Amino acid sequence: MNRRSFLAQTLAAATTAASFSRAAAAGSKLAIGLDHFSVRATGWKAAQFIDYAASLKLDTMFISELHVFENFEDAYLKGLKEQADRAGVKLYVGTGSVCKTSNTWKDIYGTPEEHLGLTIRIAKALGSPVARCYLGNQKDRATDGGIQKHIEEVIKTIKACQSKAEGEGIKIAIENHAGDMQSHELKALIEAAGKGYVGANIDPGNAVWALEEPMMHLEVLGPLTVCSSVRDSMLWEDDNGAVVQWTAIGEGLVDYKAYAKRFAELAPGVPLQVETISGFARPFSWKKDDFWTIFPNHRDTPMFKAWLDMAKRGHKIDSFKAPDGPAKKDAEIAYQKAEAERSFAWLRANV
């Protein structure tokens, strides 16, 4: 290694260390970051998201979809990495579904293996320790063969990229996404693929969509967690079962003081990255027998009983609807920024 390369790597390491020291300086054991999807209405590209994270003095910026990048050329990615290093912001990288049997699969970036391989390359270029991806959503549970068929496809894709991930020193992070997998299913997927190079991108909001209580969900996946996308959730009862609406952190039913403390214990060094997706409610008609076809073994579990306890403690909250007309986009952006920034303020004051 020549002197210039050595100095460049030393500077990058120093800026990363400085970034993660912010949390410690503020009395927090956790680095705090932003999943770009929190403020998706902006339509920004990667450089703008990095600037936004820097303006909020965040530790990390999680660019969780590939379309946010203007291109995948080495020079462009190098520029983003240098921008983030100067700002003291560590980058995390992700993409969408890598399961060709999922209803969410798109072949924009080639085969699932090519898609994941590209994500790994981008992660390496940007200094991300992970390449996040996911299976699909809850609709996949209702297909022939159930969720297990799709899990097997994801395992094939991951294993096909094992040598690339290991060679680049990148962990493949699988998210529990939109109610697709419950915690025990994702844990089994990771262990079957190989937890030496595969981990979890934990999402407590998506856990609630899978009828799981976030603290119990954390106990299952926490030791395997290498990345995160977090928000709070409000649940309340209705005639057919319960309703879920995601919220800013500190405004739902999750005890985030306890969650953050346990998160730091189970996943040391992993940042808590805010992904607020607020403003709409989703019903879960669990009192109807046909609801349970997608969760056949869950109804009598302690996990579901804990989920029900959340709903009994909750209360209905209003949804958000931006006004129609030319002000709609600005209203959506303002709402999304407010949800994310209240979450950061709450975490900094309480964690």
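The values are calculated or read from the model by the stated rules, or taken from the named source; none is laboratory data. Nothing here was measured: the structure is a model prediction, and the numbers come from that model. So basically every Cβ, Gly included, is an ideal-geometry build from the backbone, and we count neighbours across all protein chains shown. Remember, those area values only see protein heavy atoms, side chains included, never the ligands or the DNA or RNA. Shrake-Rupley method; radii C 1.70, N 1.55, O 1.52, S 1.80 Å.
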Selection status of Lys305, assigned to a helix (DSSP H, G or I), of a type in the set (Lys, Arg) and over 24 Å from the mean Cα position of the chain (by Cα): yes
Here the residues within region 215-239 that are closer than 21 Å to Val130 by Cα, of a type in the set (A, V, I, L, M, F, W, C), assigned to a helix (DSSP H, G or I) and open to solvent by 10 Å² or more (accessible area, probe 1.4 Å) are Val220, Leu224
Looking only at region 281-295, count every residue that is of a type in the set (A, V, I, L, M, F, W, C) and assigned to a strand (DSSP E or B) and tell me the total. 2
Restricting to region 226-253, name every residue that is out of contact with any Leu (no Cβ under 8 Å at 6 or more places or on another chain), under 12 Å from Leu347 (Cβ atoms) and hydrophobic (A, V, I, L, M, F, W, C). Ala248
Would you call Leu266 under 23 Å from Phe62 (Cα atoms), of a type outside the set (Val, Ile, Thr), open to solvent by less than 40 Å² (accessible area, probe 1.4 Å) and without any contact (Cβ under 8 Å) to a residue 60 or more places away in the chain? yes
Can you find a residue in region 248-259 that is more than 29 Å from His184 (Cα to Cα), open to solvent by less than 20 Å² (accessible area, probe 1.4 Å) and not hydrophobic (A, V, I, L, M, F, W, C)? no
Name the residues in region 134-157 that are under 15 Å from Gly96 (Cβ atoms) and out of contact with any His (no Cβ under 8 Å at 6 or more places or on another chain), would you? Lys139, His150, Glu153, Val154, Thr157
Would you please list the contacts, defined by Cβ atoms under 6 Å and residues six or more apart or on different chains, that run from a residue in region 121-134 that is over 13 Å from Lys164 (Cβ atoms) to a residue that is in a helix (DSSP H, G or I) and open to solvent by 30 Å² or more (accessible area, probe 1.4 Å)? Leu126/Lys81; Gly127/Lys81
Take Gly325 and tell me if it is open to solvent by less than 90 Å² (accessible area, probe 1.4 Å), out of contact with any Pro (no Cβ under 6 Å at 6 or more places or on another chain) and within 22 Å of Leu347 (Cα to Cα). no
Selection count where residues are outside any helix (DSSP H, G or I) and either within 28 Å of Ile32 (Cα to Cα) or in contact with a helix residue (DSSP H, G or I) (Cβ under 6 Å, 6 or more places away or on another chain) (or both), scope region 324-351: 1
Some residue of region 24-47 being in a helix (DSSP H, G or I), open to solvent by 30 Å² or more (accessible area, probe 1.4 Å), farther than 28 Å from Glu153 by Cβ and modelled with pLDDT under 95: yes
I'd like the full set of residues that are touching a helix residue (DSSP H, G or I) at 6+ places or on another chain (Cβ under 6 Å) and either assigned to a loop (DSSP other than H, G, I, E, B) or surrounded by fewer than 18 Cβ atoms within 10 Å (Cβ to Cβ) (or both), limited to region 82-111. Gln83, Gly88, Val89, Val98, Cys99, Lys100, Thr101, Ser102, Asn103, Tyr109
Quickly run through region 308-319 and pick out the residues that are part of a loop (DSSP other than H, G, I, E, B) and among the charged types (D, E, K, R). Lys316, Asp318
Can you tell me which condition Glu275 does not meet? The list is (1) open to solvent by 20 Å² or more (accessible area, probe 1.4 Å); (2) charged (D, E, K, R); (3) touching an Asp or Glu at 6+ places or on another chain (Cβ under 7 Å); (4) under 30 Å from Leu58 (Cβ atoms), and all the others hold. (1)
When you scan region 120-214 for helices (runs of 4 or more DSSP H) that lie fully inside it, which ones turn up with 2 or more residues that are at negative phi and open to solvent by less than 10 Å² (accessible area, probe 1.4 Å)? 146-160, 183-193, 204-209
Taking Lys57 as the residue in question, decide whether it is assigned to a helix (DSSP H, G or I), over 24 Å from Leu224 (Cα atoms) and open to solvent by 10 Å² or more (accessible area, probe 1.4 Å). no
Among (1) closer than 30 Å to Thr42 by Cα; (2) in contact with a His (Cβ under 6 Å, 6 or more places away or on another chain) - the single one Pro323 does not satisfy: (2)
Among the residues of region 153-171, is there at least one that is within 16 Å of the chain's Cα centre (by Cα) and under 29 Å from Asp59 (Cα atoms)? yes
